Structure formats: structure tokens, C-alpha cells
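Data first, discussion second: the structure below is written as C-alpha cells.
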Amino acid sequence: MQDLNKTSLFPSTFITWQNKYRKAIIFTFFGLYFITGCIIYNDYGISWDESISRYNGIVTLKYLITKVNPELIINNASLQGIPNLHEWKDKDYGVVFEVPLVILENVFGIKNNYSPELYYLRHFCTFLFFYLGVVHLFLLIQFRFNSWHLGMLGCLLFILSPRIFADSFYNDKDIVLLSAFIITSYYLLRYLSNKSFWNAFWLGISMAVTINIRITGIVIPAIAFTFILIDIIKLYPDVKKINQSLSSALLLLITLITFTIIFWPYLWENPLQNFLQAFHNMSKFRWHNHVLYAGEFIWAANVPWHYIPVWIAITTPVVYLIFFITGLIPIFIHLWQVKLYLYKNEPQRQDLVITSLFFGPLLAVIVMDSVLYDAWRQMFFLYGSFIYIAIRGVVYVKESAARHKILRIDTLYTYVLGAIVAFSLIHTTYFMVKYHPHQNVYFNFLAGNNPGENFERDYWGLSYRQGLEYIIENDKRETITVTANMLASGRTNIRILPEEMQKRLNFSNSKDTSDYFLTEHRFTGGYKWYPDENKFEEIHSIIVDNIKIMSIYKAKSLSLTN
């Protein structure tokens with residue numbers, strides 16, 4: 001563990017004051033972040049996956065009810081229309097997050113599927129789970145570096161990541177998985193440091209929750225048991241400690257298997273077979289469409305190996321990337337020095353574990369040639385490890401400067417590095433505030449001059465909410481007919497509008513009978529269509545950092561008398 005004063009980014013004369021008010025500073029930081037989330041969580045549109053995820057929870061809840069009280073199904077007409085779990089096409093999805101949300105809907109008396117309160121509730125709960133992940137990222141970094149300063153810096157980098165920030169309010173799949181990965185990573189490091197039964201129990205539960213959010217979470221137990229085995233080999237010939245580790249690992253395995261099955265009703269009737277089927281389906285996911293990548297439309301099953309690395313590179317603030325690459329240097333140097341021994345102390349093992357959690361899944365999707373789409377959201381769960389390694393880079397630069405006496409630690413280095421970090425955070429914050437709530441289309445300069453023409457823009461279709469609101473505000477007629485490039489996204493975003501607005505909008509499948517056409521510019525260039533410019537004219541667009549993410553076209557034949 002590093003000493004606090006050696007890893008602080010602040011001048012030594014400032015550390016005493018900071019330490020005196022440490023608890024107040026940490027509490028204020030997390031309090032302000034929580035308040036911010038509570039203020040803006042209802043600003044975002046609805047992603048086209050949210051209603052699907054919710055329905056998966058409803059299907060599973062019906063299955064649970066049949067196990068507890070089948071008569072409720074018979075006496076409830078709405079439940080009778082819900083398919084049975086094992087006949088549902090998405091039966092292999094984990095629902096440990098979705099089922100509680102459906103239950104909460106009923107607790108709060110939300111019965112209308114078109115109620116905006118339904119999605120406000122979902123967005124708030126998604127933010128809450130992400131908030132829990134941020135807290136555990138702080139604990140994770142503090143545990144490794146023994147520095148609450150670095151813990152807070154890691155949280156700042158994490159929160160001020162535009163795409164992650166935006167998705168933390170509506171992405172009930174990838175962001176929830178990311179949060180669970182961070183939580184489980186923290187308990188994994190604690191367990192490897194102290195293989196007590198209590199730590200084994202909590203790690204087993206957190207692993208089970210992660211797997212039940214998405215089966216991708218299986219990577220954590222795979223890496224965990226690999227390091228447990230290495231630790232046991234290193235303990236030879238101390239039989240007593242080996243037996244203690246084996247007993248602890250056995251409890252961990254039993255807890256993991258037991259709670260994975262408990263949390264995942266799909267596994268109840270045939271745990272092993274259904275689990276293997278779900279894993280197979282995940283490795284070759286059933287999504288058949290094209291993605292826009294580097295200016296070309298590519299079939300999702302045929303994306304090149306560099307698809308995920310490039311997306312990470314062009315959508316993460318560049319300073320974070322530099323810290324990340326720098327952080328890999330000491331990790332690989334130590335690995336080279338110890339070679340097959342892998343690690344010789346606790347910090348080296350912790351670094352290697354987190355590095356494995358980053359590169360293991362990344363290499364897996366490349367080797368398995370997995371179906372990938374929607375930028376790198378399916379791999380968002382890597383980002384906690386990314387931030388950890390970036391913080392390792394900050395520490396490494398400071399250690400190197402001290403070791404080679406390049407800079408005086410308490411003077412020039414502190415201010416130069418602090419200025420770089422501050423500039424990056426301020427610049428990123430400015431973007432996030434200026435373009436709120438469209439942080440999800442952030443690109444850095446590595447994406448080139450026209451990223452919107454070469455890469456996916458608003459693939460979630462979230463901007464349909466603002467597009468529909470614009471039409472409602474500027475067209476005062478009682479009934480307005482609209483259509484959209486992605487009809488599902490357009491129709492879904494009606495649900496988050498106030499009821500009086502919803503009543504005025506009528507969605508059509510045909511552009512010929514519509515007053516307005518909206519497009520998020522996805523699948524354009526041959527796969528979808530723009531309206532005939534002889535019949536429609538563009539009247540409004542949403543532009544984020546020179547990237548047009550939503551365009552509204554009005555029929556030229558439409559005459560408004562407002």
C-alpha cells in the first residue's frame with residue numbers, strides 16, 4: 001500500500017487541512033452528486049431497450065406468482081396475457097434488477113404502461129444503482145492505494161465520463177452491469193487479501209448478482225478462482241493455510257452457485273442446461289443488423305477485432321486514455337520482472353486482478369468473434385477497471401518523478417499534473433452541461449472531424465423525446481400525426497411525455513400521411529430513408545458539438561395557424 005502523502009495530488013501544506021475535514025469533504029462530494037442525480041434523472045428520453053427489459057421482468061414475475069399462488073393468474077386478466085417464462089423469446093435474460101423494479105411499480109401504484117412516472121421510477125433506480133457503484137469505486141481505489149484523495153479523483157473521472165454519465169440514468173442493462181462489476185471487484189480484492197468465510201460469503205452473493213444481471217459476469221468467478229488457485233500453489237507446503245484457503249474457496253463456490261440459481265428463476269427447472277444455453281446465446285447474440293463503423297455499414301456479426309478498442313478510444317476523454325496507458329506500464333513491468341511467479345506482493349496482485357478483469361473479457365469477445373453493436377455499451381462493464389488502471393498511471397508518474405528526481409514532488413509536479421487533470425475535468429464538465437441531456441453522443445478529437453458521419457450517433461433514439469416536445473410546443477393543434485426513422489423509439493418516447501401531450505400525438509407507419517417526420521440519423525445511407533424533400537422540409541435539429549443527432553421535418557402541405 002502506498003503512503004497517503006505520496007499518492008496525494010495536493011501540495012503537502014494542503015494535506016493537513018484536507019485530512020482534518022476528510023469526512024466532510026467526502027460526504028459533501030457524494031451528497032452533491034446524489035442531489036444532482038435527483039434533479040436531472042427525469043430529463044432523459046427512453047431507450048428502445050427499456051420497455052423490453054421491463055417486460056422481461058414482468059414475464060418472470062408472472063412465473064414467480066405461479067409458483068406461490070397460481071390463483072392470482074386466473075383472477076388477473078392482465079397477467080393472463082403475459083407469456084409463460086419458458087415460452088418467452090428472452091427467457092434467458094437475467095432479471096435480478098428488473099423484477100424488483102416491476103414490484104416497485106405496484107408498490108407505488110403505477111398501473112398505466114404509458115405513465116411517465118413509470119420511466120421516471122426506472123431512471124431513478126438505475127441512477128441509484130450506479131451511485132452505489134460509484135461509492136464502491138471509491139472504496140476500491142482507496143483500498144488499493146490507501147488514499148481517499150485518489151479515491152475521489154477516480155470517482156470524478158468516472159462520473160465525468162459523458163457517455164457513462166448519460167447512460168447511468170436509463171441504461172438498465174450495461175450500466176447496471178458496470179456497477180455490479182465494480183462492487184464485485186471491490187469484494188474480490190478484499191477476499192483475496194483476507195480469505196475469511198465472511199468475505200467469501202459476500203463475494204459469492206455479489207458474483208451471483210452480477211451474473212444474474214448479465215451472464216457476462218461469469219468472467220469474475222473465472223478470474224477469481226484462477227487467482228485463488230495461484231495463491232494456493234504459492235502457499236505450498238504450508239498445509240494449514242492451504243486447507244483454510246480451500247475451505248474458504250469451497251464456501252465461495254457454494255454461495256455463488258446457490259444464489260445464482262435463486263436469483264435467476266429461468267435456471268430453477270434445469271440449472272446446468274439452461275445456464276449453458278444462456279451462455280451460448282450470449283456468445284452469439286441474436287441481433288441481426290448493420291452498424292456504422294469508420295464510415296462503413298458492417299454486419300454486427302462481422303465487426304473487426306478493433307471495434308471495441310477504437311470505440312473506447314474515441315469516446316473517452318483523452319487525458320483519461322493517457323493515464324490508462326501510463327498505468328499499464330508499471331503493471332507489465334512488474335509482470336515481466338516476476339515472470340511465472342506473476343506477483344510478489346499484495347499491490348501487484350491487486351493490479352493484476354483488475355488488469356485481468358479489463359483485458360480478459362476484451363480478448364474473449366475478440367477471440368469468440370462476438371456480435372457487437374451500439375458502440376461499446378455492451379462492454380461498459382470494463383470501465384471500472386479502466387479508471388482503476390488510470391489512477392495507477394497517476395501514481396506511477398508521481399513515483400517515477402520522485403525516483404528520478406525529475407521534478408520536486410511538492411511543487412512543480414503537483415501543480416503541473418493538477419493543472420492537466422483540472423483542465424480535462426473542466427473541459428469535460430463544460431461539454432456535459434452545455435449539451436445536457438445528450439452526453440451520450442460525446443466524441444473526442446480522435447474520432448476525426450466528422451464523427452457523426454463515420455460512427456453511430458444517438459443509437460438509443462433518446463433524442464426523440466426532445467423532438468416530440470418541440471413539435472408539441474410549436475404546433476397547437478389537437479391532433480398531430482408523426483412518423484419516425486425508428487418507429488419503435490418514436491412510439492416509446494411518447495410514454496415519457498405528460499398525458500395531455502400524449503393524447504395530441506398520433507404515430508403513423510407512413511410518411512405520406514404524416515405531418516412530421518423525425519430521424520435520429522441511424523441506419524441512413526441506404527438502410528433507412530429520409531423524407532422526400534419535395535414534400536418535407538427540415539424545420540429543427542438538435543446538434544451536439546457539431547453533430548446532428550435529431551432532425552424534424554414538416555410536411556410542406558401542412559399549414560399552421562397558430
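The values are calculated or read from the model by the stated rules, or taken from the named source; none is laboratory data. The shown structure was predicted, so the numbers you read here are calculated from the model rather than taken from an experiment. Cβ atoms come from the backbone with ideal geometry, glycine included; neighbour counts cover every protein chain shown.
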Checklist entry - For the stretch 51-107, what are the residues that are closer than 20 Å to residue 215 by Cβ and of a type in the set (S, T, N, Q)? => result 53, 56, 60
Next on the checklist: Any residue at all in the stretch 515-536 that's farther than 22 Å from residue 289 by Cα, out of contact with any Ser or Thr (no Cβ under 8 Å at 6 or more places or on another chain) and either at pLDDT 95 or above or of a type in the set (S, T, N, Q) (or both)?
Outcome noted: yes
Next on the checklist: Quick test of your reading of the structure: residue 300 fulfils all but one of (1) buried (at least 18 other Cβ atoms within 10 Å of the Cβ); (2) touching a helix residue (DSSP H, G or I) at 6+ places or on another chain (Cβ under 7 Å); (3) farther than 30 Å from residue 154 by Cβ. Name the failing condition by number.
Outcome noted: (2)
Item to check | Only one of 139, 104 that is at pLDDT 95 or above, within 24 Å of the chain's Cα centre (by Cα) and under 17 Å from residue 186 (Cβ atoms) | outcome: 139
Item to check | Output for the stretch 51-86, where each listed residue is at pLDDT below 80 and part of a helix (DSSP H, G or I) | outcome: 71, 72, 73, 74, 77, 78, 79, 80
Checklist outcome for this item: Over the stretch 17-47, the set of residues in contact with a Pro (Cβ under 6 Å, 6 or more places away or on another chain) and part of a helix (DSSP H, G or I) is 43
Next on the checklist: One residue is enough: does the stretch 302-313 have a residue meeting the conditions of a type outside the set (Phe, Trp, Tyr), within 15 Å of the chain's Cα centre (by Cα) and within 30 Å of residue 452 (Cα to Cα)?
Outcome noted: yes
Checklist entry - Applying the selection to the stretch 348-364, what residues are within 29 Å of residue 288 (Cβ to Cβ), touching a residue at least 12 places away in the same chain (Cβ under 8 Å) and either surrounded by fewer than 19 Cβ atoms within 10 Å (Cβ to Cβ) or not assigned by TED's automatic domain parsing to the domain that holds residue 229 (or both)? => result 360, 362, 364
Checklist entry - Could you list, in sequence order, the residues of the stretch 47-70 that are farther than 28 Å from residue 522 by Cβ, buried (at least 19 other Cβ atoms within 10 Å of the Cβ) and touching a residue at least 60 places away in the same chain (Cβ under 8 Å)? => result 60, 63
Item to check | Matching residues in the stretch 430-471 - criterion: being under 24 Å from residue 498 (Cβ atoms) and surrounded by fewer than 18 Cβ atoms within 10 Å (Cβ to Cβ) | outcome: 436, 469
Item to check | One residue from 491, 465 being of a type in the set (Lys, Arg), farther than 16 Å from residue 163 by Cβ and either part of a loop (DSSP other than H, G, I, E, B) or modelled with pLDDT of 95 or more (or both) | outcome: 465
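Listed here are the residues, each with its yes/no results for (1) modelled with pLDDT of 95 or more; (2) among the basic types (Lys, Arg); (3) farther than 29 Å from residue 276 by Cα.
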{"position": "143", "(1), (2), (3)": "yes, no, yes"}
{"position": "147", "(1), (2), (3)": "no, no, yes"}
{"position": "154", "(1), (2), (3)": "yes, no, yes"}
{"position": "163", "(1), (2), (3)": "yes, yes, yes"}
{"position": "180", "(1), (2), (3)": "yes, no, no"}
{"position": "186", "(1), (2), (3)": "yes, no, no"}
{"position": "200", "(1), (2), (3)": "yes, no, no"}
{"position": "211", "(1), (2), (3)": "yes, no, no"}
{"position": "224", "(1), (2), (3)": "yes, no, no"}
Checklist entry - Is one or more of the residues making up the stretch 119-128 modelled with pLDDT of 90 or more, assigned by TED's automatic domain parsing to the domain that holds residue 181 and among the polar types (S, T, N, Q)? => result yes
Checklist entry - Could we say that residue 186 is within 18 Å of residue 354 (Cα to Cα), in contact with a Leu (Cβ under 9 Å, 6 or more places away or on another chain) and aromatic (Phe, Trp, Tyr) here? => result yes
Checklist entry - Filtering the stretch 28-50 down to residues that are at pLDDT 95 or above and among the aromatic types (Phe, Trp, Tyr), which residue is farthest from the chain's Cα centre (by Cα)? => result 29
Checklist outcome for this item: Taking the stretch 346-368 and keeping only residues that are in contact with a helix residue (DSSP H, G or I) (Cβ under 9 Å, 6 or more places away or on another chain) and farther than 16 Å from residue 393 by Cβ, one is left with 346, 349, 353, 356, 357, 360, 361, 362, 364, 365, 366, 368
Item to check | Tabulated pairs, the stretch 365-386, first under 20 Å from residue 292 (Cβ atoms), second acidic (Asp, Glu) and part of a loop (DSSP other than H, G, I, E, B), C-beta under 7 angstrom, 6+ apart or interchain | outcome: 374/456; 375/456
Next on the checklist: I'm trying to understand the selection: among the residues of the stretch 80-108, which are among the β-branched types (Val, Ile, Thr), touching a residue at least 24 places away in the same chain (Cβ under 8 Å) and surrounded by fewer than 19 Cβ atoms within 10 Å (Cβ to Cβ)?
Outcome noted: 82, 103
Checklist outcome for this item: Residues of the stretch 225-243 being in a helix (DSSP H, G or I) and either touching a residue at least 24 places away in the same chain (Cβ under 8 Å) or not hydrophobic (A, V, I, L, M, F, W, C) (or both), in sequence order, are 225, 226, 227, 228, 230, 231, 234, 240, 241, 243
Checklist entry - Quick one: is residue 461 without any contact (Cβ under 8 Å) to a residue 40 or more places away in the chain, closer than 19 Å to residue 119 by Cβ and touching a Ser or Thr at 6+ places or on another chain (Cβ under 8 Å)? => result no
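Rundown of residues vs (1) over 22 Å from the mean Cα position of the chain (by Cα); (2) modelled with pLDDT of 95 or more; (3) more than 30 Å from residue 49 (Cα to Cα), yes/no style:
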position: 390; (1), (2), (3): no, yes, yes
position: 397; (1), (2), (3): yes, no, yes
position: 401; (1), (2), (3): yes, no, yes
position: 418; (1), (2), (3): yes, no, yes
position: 430; (1), (2), (3): no, yes, no
position: 443; (1), (2), (3): no, yes, no
